[in-house]
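Here's the structure, in structure tokens; my notes come after.
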Amino acid sequence: MDLDLVFLGTSGSMPTAQRAPAALLLRRGGERLLFDCAEGTQRQLLRSNVGLIELREIFLTHYHADHYLGLPGMLKTFALRGREVPITVYGPPGLRDLFEALRRIFGRLTYTVELKELRAGDELIREDYRLVTFAVAHGVSAVGYALVEDPRPGRFDVQAADALGVPAGPERGALQRGESVTLPDGQTITPDRVLGSARPGRRVVIAGDGGPSEAVIEAARGADVLVHEATFCEDERDRARETAHSTALEAAGVARAAEAQMLALTHLSNRYFGGEVAREARTIFANAVVPKDFDTIDVRFQERGGPQLVKGGALHERPEREAVPTREESPE
């Protein structure tokens with residue numbers, strides 16, 4: 001199943017000419033999960049090849065303005081388009097209080113918004129993966145999110161299946177899914193006779209804002225991709241401490257301790273260029289990247305090459321679509 005990350009906003013506390021504030025879209029198969037929704041996120045989606053899709057779920061890491069200011073406008077746009085499908089917003093404790101204040105901005109909506117507050121250690125169980133929240137060191141109510149896929153069946157041994165007389169077709173498919181099959185001669189074949197050892201699923205960790213911490217290291221243990229902030233470089237280490245942020249070197253230390261496969265550094269202060277942030281991190285963690293807005297990371301299985309940064313991966317041409325009229329533009 002395809003799994004990738006679309007970096008919609010990679011700046012720190014304010015937008016720059018090149019970078020928007022925090023927003024990250026995770027795409028897994030047909031699912032689209034948005035993590036944080038800073039100022040301008042809906043326009044970033046419209047500028048990308050993703051488009052302003054009917055998101056079903058939005059996950060907030062914390063309630064500093066540079067992580068949620070785009071949410072009221074996006075919710076209102078959905079209503080102007082006549083949306084009826086419910087949307088669920090997740091976040092740490094304080095989410096309901098935030099929405100009490102925001103309702104005065106976006107007003108009445110045409111659809112239901114469900115609010116779910118999460119604490120560190122909570123899990124959302126999905127069909128073949130789970131979303132796990134973990135604590136981060138940011139000095140406010142905040143969580144990070146880890147997408148953890150279930151283990152996959154081992155490789156199918158064609159020679160073993162041939163020797164057992166398993167015909168090509170649905171029987172082999174059932175065995176690959178972990179189901180036993182009964183052959184025409186009455187013999188029952190169990191999956192362990194034709195499958196190798198189970199293979200791990202993928203793990204993608206989105207830490208949000210915060211300084212380096214053991215909780216993040218544990219959440220990112222063996223992760224395919226760790227998305228970690230690097231607001232500062234080491235020349236501003238004291239400032240990072242004061243504001244509960246990380247330097248690029250500290251983020252690299254977290255990735256190294258967790259033995260992650262790739263580190264993606266975001267939330268850059270406008271005082272730094274991506275190149276200097278990457279160079280600092282790579283002094284101790286070689287596979288550190290600094291995505292720009294609209295870059296993507298293709299999270300491939302390790303046997304298929306592992307995670308790969310795709311420059312401008314969300315800027316490829318997309319086919320023209322017929323404009324969707326808003327409720328105000330629709331004919332009477």
task: Within the range 11-43, count every residue that is under 22 Å from His62 (Cβ atoms) and either within 16 Å of the chain's Cα centre (by Cα) or small (Gly, Ala, Ser) (or both).
output: 19
field: Those residues of the range 23-74 which are among the β-branched types (Val, Ile, Thr) and in a helix (DSSP H, G or I), in sequence order
entry: Thr41
field: Those residues of the range 154-169 which are out of contact with any helix residue (DSSP H, G or I) (no Cβ under 7 Å at 6 or more places or on another chain) and either open to solvent by 80 Å² or more (accessible area, probe 1.4 Å) or more than 23 Å from Gly306 (Cβ to Cβ) (or both), in sequence order
entry: Arg155, Asp157, Val158, Gln159, Asp162, Ala163, Gly165, Pro167, Ala168, Gly169
- prompt: Would you say Leu109 is touching a helix residue (DSSP H, G or I) at 6+ places or on another chain (Cβ under 6 Å) and assigned to a loop (DSSP other than H, G, I, E, B)?
  reply: yes
message: Test of understanding: among Val254, Val277, Val289, which residue is open to solvent by less than 20 Å² (accessible area, probe 1.4 Å), over 15 Å from Asp224 (Cα atoms) and at pLDDT 95 or above?
response: Val277
- prompt: Restricting the range 66-97 to residues that are surrounded by 15 or more Cβ atoms within 10 Å (Cβ to Cβ) and among the charged types (D, E, K, R), which is nearest to Gly208 (Cα to Cα)?
  reply: Asp66
query: Can you tell me which of Asp224, Asp192 is acidic (Asp, Glu) and without any contact (Cβ under 8 Å) to a residue 12 or more places away in the chain?
result: Asp192
query: What are the residues in the range 231-266 that are of a type in the set (Val, Ile, Thr) and more than 21 Å from the chain's Cα centre (by Cα), if any?
result: Thr243, Thr247
- prompt: Taking the condition hydroxyl-bearing (Ser, Thr, Tyr), open to solvent by less than 50 Å² (accessible area, probe 1.4 Å), in contact with a Gly (Cβ under 7 Å, 6 or more places away or on another chain) and touching a residue at least 24 places away in the same chain (Cβ under 8 Å), does Tyr63 pass?
  reply: yes
Failed criterion for Arg172 (all others in (1) under 25 Å from Phe301 (Cα atoms); (2) open to solvent by 30 Å² or more (accessible area, probe 1.4 Å); (3) in contact (Cβ under 8 Å) with a residue 12 or more places away in the chain; (4) not in a helix (DSSP H, G or I) hold): (4)
- prompt: Out of all the residues in the range 98-129, which are closer than 23 Å to Val204 by Cα, of a type outside the set (Asp, Glu) and surrounded by 15 or more Cβ atoms within 10 Å (Cβ to Cβ)?
  reply: Leu118, Ala120, Leu124, Tyr129
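This table checks each residue for (1) closer than 16 Å to Leu131 by Cα; (2) β-branched (Val, Ile, Thr); (3) at pLDDT below 95.
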site	(1), (2), (3)
Met1	no, no, yes
Thr10	no, yes, no
Glu31	yes, no, no
Ala38	no, no, no
Glu57	yes, no, no
task: For residues that are touching a helix residue (DSSP H, G or I) at 6+ places or on another chain (Cβ under 8 Å) and open to solvent by less than 10 Å² (accessible area, probe 1.4 Å), tally how many sit in the range 41-54.
output: 2
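The values are calculated or read from the model by the stated rules, or taken from the named source; none is laboratory data. Model, not experiment: these values are computed from the prediction. Every residue, glycine among them, receives a Cβ derived from its backbone with ideal geometry; neighbour counts consider all protein chains shown. The protein model used for the area step is the full one, side chains on, heavy atoms only, and it has no ligands, DNA or RNA in it. Shrake-Rupley method; radii C 1.70, N 1.55, O 1.52, S 1.80 Å.
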